Amino acid sequence: MPKVSVIIPAYNVMRFLPSTVNSVLEQTFKNFELIIIDDGSSDHIVQWSAELVDPRIKFISQENKGAQIARNVGIENAVGEYIALLDADDLWEPTKLEKQVSYLERHSDIGVVYTWTGLIDERGNSLGRVVASQACGNVWEKIIVRDDILCSNSVALIRSKCFDAVGYFDPDLEGFQDWDMGIRLAYKYQFGVVKEVLTFYRHRSQSMSRSRSMEGTKKTSIEVIEKSFKSVPDGFQHLKRKSYSCVYLSQGWMQIDQGDAREALRYLREALSYHFPILFSEYCTRLVVAISMVLIFGPGGYEGLRKLTHNLRLLRLGINKKVSAQ
């Protein structure tokens, strides 16, 4: 019986899927099954899958029902002690599963272990940025406020019994089902972290996260917040305003990416109206600097500073080379 079940939902992603599958097959940890769920694709995935000869690969086809239902189908069919979710355009370093399995084997009290993430473009080139949380242990108060621990579905290795306790992905949510799942997992289980860039998240111009409108992003974030806080004890309800504040800061950053400092300033004010002390957080301080730089020098002036701060952060994390999947 395989130790790990790797689940990849796929919908019209044949441009990236072969590389993603290869990054699984090239893992140094070999005791896994790989379940690919074709979610009603109209590309040549069925013909391609017929040529896969590795006996560890299972291929399931269904009508298009959405990535979350496809993930749930994968979980239902998984037999491994641990479950690793992988988006069809993301990549893994060869030692990812080995290091995560080792972590869970050494820490029986941990339900979820995640890795640091490098951001790459459509060609697999580094964008010079990493998502590197230090949070471990009881992370629920952190993750319910801001979704910066499990930054994508592809980072975590989860004990399969955890899904028996918290349930599967919620298909009724319009978005951010991964954040909702992270909140539910963190409420019941301890988290661990492998402090290495072992996952690569691909920024795609046509991906759901990129094409979704900013207002839609805000709406779906608030939907997750409202759902989550329905069952939160009274003593933690104060975190709700802080969570709303982080949503508006995130909207501000999205406006900075568009070069619109005045709209970003509007969202900053909205964030402070919910939780003024967030002004003194690093996340907010950086946004204030970004808004100021764009207002004074324009978007180009801020980009130089942004690259410098990203490089300094990599050095602080002990990452002294470009993070790349190639």
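Throughout, read-outs are computed from the coordinates displayed, never taken from laboratory work. Quick caveat: nothing in here was measured; it's all calculated off a predicted structure. For neighbour counting, all protein chains shown are included, and Cβ atoms are generated from backbone atoms with ideal geometry for every residue, glycine included.
Observations on the model:
- Centroid-to-centroid separation of segment 124-143 and segment 32-97 [C-alpha atoms, Å]: 24 Å
- Residue-count net charge about Leu272 - beta-carbon cut-off 14 Å; Lys, Arg +1, Asp, Glu -1: +3
- Between the Cα long axis of helix 239-257 and the first principal axis of the chain there is an angle of about 90°, rounded to the nearest 10.
- Prolate/oblate/rounded label for the chain (Cα gyration tensor, a/c 1.5): prolate
- Exposure proxy order (Cβ contacts within 10 Å, fewest to most) of Trp92, Trp116: Trp116, Trp92
- Filtered GluC sites (Glu not before Pro), segment 85-193: DSSP coil and at most 13 other beta carbons within 10 Å: Glu174
- Rounded, prolate or oblate (a/c below 1.5 giving rounded, otherwise prolate when a/b exceeds b/c) for segment 208-269 by Cα gyration tensor: oblate
- Nearest-ten-degree value, helix 282-297 long axis tilted from longest Cα axis of the chain: 60 degrees
- Approximate spin-label separation Asn77-Glu226, in nm, with each point projected 7 Å along Cα-to-Cβ: 3.5 nm
- Extending 7 Å from Cα along the Cβ direction at Met214 and again at Asn22 yields two label points whose distance is 3.8 nm.
- FRET efficiency estimate (nearest 0.05) - Cβ-Cβ, Arg123 to Val288, R0 30 angstrom: 0.35
- When each of Lys3/Lys58; Lys65/Lys218; Lys242/Lys307; Lys195/Lys227; Lys96/Lys195; Lys161/Lys230 is checked by Cα-Cα distance, pairs over 20 Å: Lys65/Lys218; Lys242/Lys307; Lys195/Lys227; Lys161/Lys230
- Shown is the FRET efficiency for Asp170 and Arg106, computed with R0 = 35 Å from the Cβ-Cβ distance and rounded to the nearest 0.05: 0.65.
- At R0 = 22 Å, FRET efficiency that the Cβ-Cβ distance of Lys307 and Thr95 yields, to 0.05: 0.20
- In plain terms, the residue of Cys151, Cys136 with the fewest other Cβ atoms within 10 Å comes first and the most crowded comes last, giving Cys136, Cys151.
- Angle in degrees between helix 96-106 and the longest Cα principal axis of the chain, rounded to the nearest 10: 90 degrees
- Where trypsin sites (Lys or Arg not before Pro) fall in DSSP loop in segment 221-320, at most 10 other Cβ within 10 Å: Lys230
- GNM remark for the chain: springs join alpha carbons under 10 Å apart, and the peak mean-square fluctuation among Gly259, Gly235, Gly128 falls on Gly235.
- Packing-based exposure ordering (other Cβ within 10 Å, fewest first) of Met214, Met1: Met1, Met214
- Between Met1 and Gln62, the simple label model (points 7 Å from Cα in the Cβ direction) yields a spacing of 2.3 nm.
- Segment 4-202 - charge dipole about Cα centre, Lys and Arg +1 at Cβ, Asp and Glu -1, debye rounded to 20: 560 debye
- Among the GluC sites (Glu not before Pro) found in segment 29-94, those both in a DSSP coil and sparsely packed, with 12 or fewer other Cβ atoms within 10 Å of their Cβ, are Glu51, Glu63.
- Taking amide H as placed 1.01 Å from N in the peptide plane, Ile7 has its amide H under 5 Å from the amide H of Ile35, Ala84, Leu85, Leu86, each at least 5 places away in sequence or on another chain.
- Karplus-derived 3J(HN,Hα), 6.51/-1.76/1.60, for each residue of segment 40-52, Hz, glycine and proline x: x, 5, 10, 8, 9, 5, 5, 5, 4, 5, 5, 8, 6
- Cα shape, segment 238-316, gyration tensor, a/c 1.5 rule: oblate
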